[in-house]
Amino acid sequence: MTMSRLEVQPTEVIDRSTTRRFRWNGKRFSGFEGDTIASALAAAGEHVFSRSMKYHRPRGILTADYWDPSLLVQVGDDPNVRAGHRLLEAGMDVQAQNVWPSLRHDIKAANGLVSRFLTAGFYYKTFMRPQKLWPAYERVLATFAPGGKVDPDTPHRYHDKRYTHPDVVVAGAGPAGIEAALAAAAAGARVLLVEHEHAVGGHLRYSSQEPDRAALAELRAALDASDVEVLTDSTVTGRYEDNWLGIVQRNHPIAVERLIKARAKVLVVAPGLIERPYVFSGNDRPGVITSGAARRLINLWGVKPGERAVVFTANSDGDAAAADLDRVGVEVAAVIDGRDGRRISAAQGSSKALEAVLSGGTRTEADLLVVAAGWTAPTSLLNMAGDRPVYDPAAARFFPSDPPGNVLATGGLAGDGGLDELRAHGTTTGKLAAERAAAVAHRYQARTARALPVTGDEPAWAADLRVPLRRNHHPELYRSDTHGMIDLSEDVGSKDLVAAAREGYDSVELAKRYTTATMGSAQGKLETVNTVAAIAEARGETIAQVGTTVWRPPYAPLTLGALAGRVFEPVRVSSIHPWHEANGVRTILAGQWIRPDHYGDPAAEVRNVRANVGLIDVTPLGKLDLRGPDIPNLLNLLYTNKWSKLPVGKVRYGMMCAEDGVVLDDGVTGRLGEDHYLMTTTSSGAGGVWEWVENWLQTERPHWQVHVTPVTTAYSSINVAGPKSRELVSRVAEGVDLSPEAFKYMEVRTATVAGVTGCFMWRIGFTGELSFELHVPAGHGMHVWEALMEAGADLGVGPFGLEGQRIMRLEKGHFIVGQDTDGLTLGPSTGLGPLIKLDKDDFAGMPELAWAADRKLPMIVAIQPDDPNVVPEEAAQIVRGDTNEILGRITSSRMSPTLGRAICLGQVEPELAAGGTKVTVLLVSGQRISATVMDHHAHFDPDGERLRG
Amino acid sequence: MRGIARGMRRRPAKYSAAALAWRGLKGDSWPRVWRDTELKRSYDAVVIGGGVHGLATAYYLARNHSMTNVAVLDKAYLGSGASGRNTAIVRANYLTPEGVAFYDRSLQLYNSMALDLNINVMFSERGHLTLAHSDAALRTMHWRAEVNKLQGVNSSVIGPEEIKKVASSLDTSDHPRYPILGALYHPPGGIVRHDAVVWGYARAADHMGVEMHQKTEVLDILCEGGEGADGKGAGGRVTGVRTNRGDISTPIVINCTAGWAGLISAMAGVRLPITTHPLQAAVTEPVKVFLPTVVVSGSLHVYISQTDRGELVFGAAVDAVANYSIRGSLEFTEELAGHVLELMPSVSRMRLLRQWSGLCDMTPDYSPVMGFTPVDGFLVDVGWGTYGFKAAPVSGEQIAEAAATGRTPELIAPFALSRFETGELVGEKGAAAVGH
Amino acid sequence: MLLVPCPNCGPRNSADLRYGGESHARPDPATAAPLQWRGYLYLRDNPAGWLRETWYCRSGCRRWFTLERNTATNEFRDPPMPGDKRGGKA
């Protein structure tokens, strides 16, 4: 075919005064503002745009729109761009995809010669022997992967998202969709109208007929004057639960693609119809195009699609195409009317000299074969709403069946009819949508206890009294008397499908999976019904009997960038974090928190704490403020130990187990006042424990009076640890007697620290040293930290991080929930059996813990390698002698700066748990070493003299 | 056995390059992969569920135990459930010794499957990377690696530089929100063409006389002697199944369903520790192949592989909400895309082509429920969570052995239903929460 | 995105809530036999149909509440309103 630019067309959307220069396969081209990439190339005479996936056959324009399977190109670093849809921009670097070495001379086209051996699924039947060669075969097969290229330097560009809550969303701005939007808006609804194309109007846009043009102008003017929000070049990609809609907006001024999420009260589905290719021999040759493609090329972009055309028409669209072709000077060599039972059997010859062969054998030479064989109803959004569209053989397409009440179809999807009928149907649909939306809005508000009271009763659910659109008769034109290509994206022909069905892959789903038909870029829009028809034919059944595949989201592909949007992955830092950063901190990611790991030398930090005094920022420690008379009951229920007699001013450690007895969390809780406690949790458990507490309080013990407030970030928490910590704290704290007699280990006091009132401090000892943990109102955290640093300069105060703390807690043998315990570690395995009080009335996990007392459980034990210089890796396995039988594992290990030797915690089988037992540890290197189980968890100061000091 | 006696064993149409060429030249079509037969009134065993598990079970009943008078029933078409909806990843790098031994056997069977079944299942042994973004995750990777090594399974922890060599498109810099600190590298892992596994088992079982009945829905399981209503429940035994095509008598019923395991078991009066959740997946448009390995991130709930067709296939964790609806959600694709771009920013312009979901039966300890039940003759091979495809060959082999011999094979003893009565659960939960 | 009818906050996106799963009574821990207790821990009805289940309105009113949902269609039954006689503890 020979395409060229026509004189100015009255309907055209290009601006001939603005030239856009671009590159196509390295060569310079130009087009006009308003051109698509494909229309600009077509106007410049290009007629081959890609090579097919398997046989590398040359492919030209088929539909000249978004769904055209032959118009996928690479634009810069953007693969698989729809050249039939993407507007031309100056400087675009456009490349053909799936060609080697070039579009014109493609070596893999030789595959076409052996196509009889490459039938669908051929790869399942070969390449099995020799098995060693399969990886090599696989690499060759992989070179057939179609599509563009990912540039490894592609950045994640700017994307954004928008939420909207319209009353009515109309998907598709053809005449019926526009009327529906207008009518809904006129009835007071907030309406969002979404159009896939670059402008509203649907098929009216590429009609040259005067009544259509007048209607288009009228509809556009009405839209402009209305409150309807119109989005063009945007697609409703999915309809999810309760009318949650995904909409991709491709023409946002800043975002590359924007995802809009809309909770529509009513969705009107009006996507129109998609023209369906006709299956006959050679139907994928360049020069064979749909009637819509011919009309779009002529009327939208002023492109003459050929010089001499054969038109196959079975409907008014085909007739209009013939008229358009004739009008712009394309010689219409023959019009073959499918309504009279005439058929096209083949397209032969080259793209420059195509021959249309009629079923009788008559041949007509042409360079263009225009086909109008009918439509596919793109029912995707209805399918996603749970509808199962039904096939009507008389109209030769699927129609909506029974979508939910908040989803309404109109336009070509719902039926045929003249323009006036379609518009009228749109109008009544819009009114119905608005009425139903009002009922939904009323219900939402009425069910929201905290919303303003609604006035009046809920409006009745408006009945659907629309007069159904009539259905025109259309011949069933799926396959002609020859075989041809069904899925152009996948190179699957009708022969492949028939063969698959004969082999037993005779349901749509099996055939689809076996042949890969409908799985390509057009997502079945063009080929699904032809696929079903081929299987029906092979089975000797009707299309209705075979049924169709389920259309899955998205309706149109959208970029991962649009779906991801801007990356919102928040991190949390304490109010003291700037100090850490200014002082050489190395951070560690712990859940959402960024925490100080160390400041250069964790071993030195440990030595300083043991010798002098150190500060650690423990703000992420979970903190719950508890108030109310029933707190002791609550604590008795949540923890394994007893809480009824904890006096004001005292702190106690507790371990929480889940109902299955598995260790859930641990921490200390202090009684600040008569009915006021502060509970702490592990940092990672903070959120979960809060929900756990609320669950017990609200569902199992709703009569208890306890109020829970999470205060993790309301306080900055600083642990002051080391033999000189009392001296340091005394220099900044007021209103509290810090003497060992007045403020004992495991006690809590309220104090003013560095002038900050309302601070809590308690004496606990995770590090094993005398230590004071301060909880300071978060706004003053930095001030208190700096005050401590300044006040302690002469005491040798220094910061220490998580690593130092972990070393010291390991020296003391304190386990960490989630590191030394795992998802099956029951309470008694921690060695804290005495803290499990089975004589209580009830607590979480009590029955399991009672039964566990009689079971042989793995135990957490302290372990020391016999060679003090070897530190087994965390995760090193404890095995039986020289065998591979696993008897436990190292869960924590460090070189102790205090003891100058390797120390560990581990979980071992019960028979190894006794102190003095020799165990074999298998290092990651494969070496087996001997180690000894210790009597106590604490490697250092087992009697706790230092922390009680 | 009766099948053979009646001469039902068929001469298979062997698949090979030569046969392909010969039929291509002659223009001959291939025979049906499996027969369409009448549903008989009686079988020696009935397998419920025509997915990979059910078909593998039937195949091994026939191949290893000469039980060929067997029917596989599916309410839709073969492979219509999770078998055709999973992301086709296979691996053996589990956390517990019992898990590793079990999945390692499965991997061996996958390795020889193409020759055993005479169909190219396209096992691509491309390696499997499980990324660690935190110290805690890295510790778990080390733990898995150590247990794997002790079981003779090739796994090791590698650092960012080596990761970059295996999969150059991963962002191994230290600036992302979830930096890649290391990974568990498992070279024997890979992907398999899942549909081919379904068809291969069906074809091979058919050749030995097993019958596949599609569109055959089980409406009830017939029992006698049990403590519950209609003779169902503990102490009873199976006598047959009721289907939409009539009743069948059989002494053995094996529940190999996913998504409906609880409902089917309830028909025999057996309660299961299962909740059903959708697992969603998605695929992009194809691009030229650039990702040579399987990439998994547990913290980001995502796993990624690229097919030979060039598509990126993505999976995630199961949906939190129990559900039998498989419509898929937008938020799944949003979160997925965000996490994929966190790992591989360069794919931001690739387009998502299709999303789908399947049903997963989740158990409390992320391990299956396999073997005998309190109802005699009623066996289960259920609770496969998100790892059923990997386990299909070994499950079929072992469940077939249990059904044929009446004894629980050692390999599946840890997965007995009775563990939920004694409280002695399997410890895979920590590693397998999203461990694909 | 499921629209969950929180009795306090009205219809909310499910992302605003935590799913608590099938609602089931806790046996008396003092008298529960192992089988009974483990039934409570592990066994679920898991129906393909109406299910009584708990939700936590974590981003809203922070209430744990019970709803009935059809697990095959994701339809919710009208929740009891606060103060409604049908309401009470979840």
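Specify the residue with the greatest mean-square fluctuation among B:Leu411, B:Leu73, B:Leu20, computed from a Gaussian network of chain B linking alpha-carbon atoms under 10 Å apart. Most flexible of the set in this elastic network: B:Leu20.
Solvent exposure of A:Ser739, expressed as accessible area, is near 30 Å², computed with a probe of 1.4 Å over the protein chains only.
Annotation for segment B:213-292 versus segment A:396-452: alpha-carbon center distance of 39 Å. Among B:Asn86, B:Asn64, B:Asn154, the largest mean-square fluctuation in a Gaussian network model of chain B (Cα springs under 10 Å) belongs to B:Asn64. Taking amide H atoms as placed 1.01 Å from N in the peptide plane, the amide H of A:Ile863 lies under 5 Å from those of A:Cys904, A:Leu905, A:Gly906, A:Met934, each 5 or more residues away in sequence or on another chain.
Quick one: check the C-alpha center-to-center distance for segment A:805-832 versus segment B:8-64, whole angstrom. The two parts, judged by their Cα centres, are 55 Å apart. With a threshold of 23 Å on the Cα-Cα distance, the over-threshold entries among A:Lys27/A:Lys149; A:Lys54/A:Lys132; A:Lys125/B:Lys165; A:Lys108/B:Lys14 are A:Lys54/A:Lys132; A:Lys125/B:Lys165; A:Lys108/B:Lys14. Projecting label points 7 angstrom from Cα along Cα→Cβ for A:Glu365 and A:Leu133 puts them 4.8 nm apart.
Mean partner shielding of peptide A:852-863, defined as the number of other chain Cβ atoms within 10 Å of each residue Cβ, is 0. Each part gets one Cα centre, and for segment A:566-625 versus segment C:33-62 those centres are 39 Å apart. Bridging of A:Lys840 to lysines at a Cα separation below 30 Å is possible for A:Lys623, A:Lys642, A:Lys645, A:Lys650, A:Lys744, A:Lys812, A:Lys856, C:Lys89, once same-chain residues fewer than 8 apart are set aside.
Protection proxy ranking, highest mean first, for peptides A:25-35, A:843-853: A:843-853, A:25-35, where packing is the per-residue count of other beta-carbon atoms within 10 Å, averaged. Other protein chain C-beta atoms within 10 Å of residue C-beta, averaged over A:912-925: 1. Protection proxy ranking for A:774-785, B:228-239, using the average of other Cβ atoms within 10 Å per residue and placing the highest first: A:774-785, B:228-239.
3J(HN,Hα) along segment B:189-195, derived from phi through the Karplus expression 6.51 cos²θ - 1.76 cosθ + 1.60 where θ = phi - 60°, amounts to x, x, 10, 10, 6, 5, 4 Hz, with x in place of Gly and Pro.
Between 0 and 90 degrees, the angle of helix A:494-503 with respect to the longest Cα principal axis of chain A falls at about 60 degrees. Summing charges over all other residues whose Cβ lies under 13 Å from the Cβ of A:Lys837, with Lys and Arg as +1 and Asp and Glu as -1, gives +1.
So what's the angle, to the nearest 10 degrees on a 0 to 90 scale, between helix A:802-812 and the longest Cα principal axis of chain A? Long axis of A:802-812 versus the principal axis of chain A: about 50 degrees.
In terms of its Cα atoms, segment C:3-77 spans 40, 27, 17 Å along the principal axes, sorted from long to short. Computed on chain A, with alpha-carbon pairs under 8 angstrom and 6+ residues apart, the relative contact order is 9 percent.
Only protein heavy atoms count here; on that basis, with a 1.4 Å probe, C:Cys9 has an accessible area of about 10 Å².
Per-residue Karplus couplings for segment B:176-187, computed as 6.51 cos²θ - 1.76 cosθ + 1.60 with θ equal to phi - 60°, are listed in order as x, 4, 10, x, 8, 8, x, 7, 8, 9, 10, x Hz, Gly and Pro entered as x. Under 5 Å between amide hydrogens, built in the peptide plane, is the criterion, and for B:Asp376 it picks out B:Gly235, B:Gly236, B:Arg237, B:Val238 among residues at least 5 positions away or on other chains.
Other residues with beta-carbon under 9 Å from the beta-carbon of B:Trp356 carry, at +1 per Lys or Arg and -1 per Asp or Glu, a net charge of +3. Most tightly packed first, judged by the mean number of other beta-carbon atoms within 10 Å of their residues, the peptides A:149-156, A:314-321 read A:314-321, A:149-156.
Summarising the amide proton neighbourhood of A:Ile486: residues at separation of 5 or more, or on other chains, whose placed amide H is nearer than 5 Å comprise A:Val492, A:Gly493, A:Ser494.
Legend: mean number of C-beta atoms from other chains within 10 angstrom of residue C-beta atoms, peptide A:41-49, equals 0. Here the Karplus curve 6.51 cos²θ - 1.76 cosθ + 1.60, taken at θ = phi - 60°, turns the phi angles of segment A:200-212 into couplings of 6, x, x, 5, 5, 4, 9, 9, 9, 7, 4, x, 5 Hz, with x standing for Gly and Pro.
For chain A, the longest principal axis of the Cα atoms and the long axis of helix A:291-301 meet at an angle of about 80 degrees. Largest GNM mean-square fluctuation among C:Trp64, C:Trp50, C:Trp37, using chain C with Cα springs under 10 Å: C:Trp37. Using only side-chain charges placed at the Cβ, +1 for Lys and Arg and -1 for Asp and Glu, the dipole size of segment C:3-77 relative to its Cα centre rounds to 240 debye. For segment A:858-949, trypsin sites (Lys or Arg not before Pro) are listed when DSSP marks them as loop and at most 14 other Cβ atoms sit within 10 Å of their Cβ; the list is A:Arg880.
The values are calculated or read from the model by the stated rules, or taken from the named source; none is laboratory data. Source: prediction; values computed, not measured. Cβ sites come from the backbone with ideal geometry, for glycine too, and all protein chains shown count toward neighbours. Areas reflect the complete protein model, heavy atoms only, side chains present, ligands, DNA and RNA absent. Shrake-Rupley method; radii C 1.70, N 1.55, O 1.52, S 1.80 Å.
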